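Each remark here refers to the structure printed beneath this line.
What follows draws every value from the coordinates through simple rules; no lab data is involved. Everything numeric here is computed off the predicted structure, so don't read it as measured data. Ideal geometry is used to build each Cβ from the backbone, glycine not excepted, and the neighbour counts take in all protein chains shown.
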Amino acid sequence: MIRLMLRSGLTICLEKVSALNLYRMAWSALICETEAWKELESHVEDIKKTHLRELMSDEDRCMAMMVESEGMLLDYSRQCATVDTINKLFSLAEAAHLKEKISRMFNGERINSTENRSVLHVALRAPRDAVINCDGKNVVPDVWQVLDKIRDFSDMVRSGAWIGVTGKPLKDVIAVGIGGSFLGPLFVHTALQTDPEAAECAKGRQLHFLANVDPIDVARNLVGLNPETTLVVVVSKTFTTAETMLNARTLREWISSSLGPEAVAKHMVAVSTNLTLVEKFGIDPNNAFAFWDWVGGRYSVCSAVGALPLSLQYGFSVVEKFLTGASGIDQHFHSAPFVKNIPVCSR
Ligand SMILES: O=P(O)(O)OC[C@H]1O[C@](O)(CO)[C@@H](O)[C@@H]1O
């Protein structure tokens with residue numbers, strides 16, 4: 001039996017581990033024990049003595065700390081750091097095998113080790129003809145099947161082809177959700193409100209978000225809304241989250257007490273990975289928009305979680321542009337060297 005002492009102090013017996021596991025264990029050695037970390041640590045003491053005013057007067061340094069790609073400019077020159085600091089951070093990224101980890105993510109490997117899942121939010125905005133495998137299956141066709149369904153549904157609602165039970169068009173949407181099933185869509189909605197093209201597409205429509213279970217917040221969100229012209233989108237990855245389910249039940253009651261229980265079919269739809277619970281709640285599975293467990297909640301804005309409410313408000317073409325932009329950044333993240341890589345430099 002061969003015994004190996006890792007830098008972390010862990011002793012492993014070679015006959016008990018496969019070569020692959022050995023490789024992974026070596027990778028997971030603590031980052032703070034690498035040379036790159038130690039160099040950075042001692043460098044921090046020097047940089048602390050430098051004033052940002054002095055750093056900002058160095059034009060070459062400032063230019064070196066700007067990266068432009070995909071129509072975006074990242075200027076990180078106002079960090080208390082020199083070009084040397086940045087190079088040391090790149091060395092640390094290499095010591096952490098960042099490049100390999102990025103590739104493993106795009107290859108659909110189960111890098112979410114706590115849940116033993118792939119991390120494939122990049123597939124949510126991949127072009128229709130892309131191939132991204134999860135457990136040997138290309139997931140891109142499934143993604144586009146849902147996106148096509150979102151486009152058709154939001155076109156129908158926006159054009160008035162899908163109407164409420166009393167025959168009125170549904171011009172207002174309440175998205176019920178919390179955490180990752182709320183914050184991403186709210187963020188994009190806030191940004192799109194200042195975009196002239198998107199604002200034009202949203203004229204005459206309202207999008208509300210309900211995350212809080214405080215009854216006053218619920219009441220405030222409903223002010224000025226008429227159930228006859230409102231569509232409720234219940235957004236929950238698990239469809240078990242207490243706050244979301246309580247708000248969903250409150251709104252189901254708001255609709256059915258005013259329009260009758262049969263109105264739920266026309267006035268409530270859902271976004272979830274758990275379509276069984278969606279149906280149990282009383283939402284027609286035909287009006288459910290799926291996503292998958294390889295989408296982390298906080299990364300779900302490009303799934304139906306964001307795409308459905310935002311398409312209802314702005315139209316699918318606006319959302320498609322958002323997805324295309326995100327996909328452009330994904331390609332950039334996958335292929336650009338660290339020094340020109342906006343997501344890497346902004347970490
Ligand atoms: O989408 P769900 O399953 O309703 O979960 C909502 C949020 O609740 C949490 O589980 C906890 O806040 C988050 O991770 C998640 O984004």
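Please report the antiparallel percentage of the DSSP beta bridges confined to the chain, to the nearest 5.
Within the chain, antiparallel bridges account for around 40 percent of the total.
³J(HN,Hα) across the stretch 126-136 via Karplus (A = 6.51, B = -1.76, C = 1.60, θ = phi - 60°), whole Hz, x for Gly/Pro?
Once rounded to whole Hz, the list reads 6, x, 3, 8, 6, 10, 10, 9, 10, 6, x.
Let's see if you can work this out: charge +1 on each Lys and Arg Cβ, -1 on each Asp and Glu Cβ, no other charges. What is the dipole magnitude of the chain about its Cα centre, in debye to the nearest 20?
With Lys and Arg at +1 and Asp and Glu at -1, about 580 debye.
Going by amide H atoms built from the backbone, whose H comes under 5 Å of the H on Val271, apart from near neighbours?
Val234, Val235, Ser236, Phe289
Which three extents, in angstrom, do the Cα atoms of the chain have along their principal axes, listed largest first?
Computed over the Cα atoms, the extents are 71, 59, 42 Å.
Can you list the lysines whose alpha carbon is less than 23 Å from that of Lys99, not counting same-chain residues fewer than 8 positions off?
Those lysines meeting the cut-off are Lys38, Lys88, Lys340.
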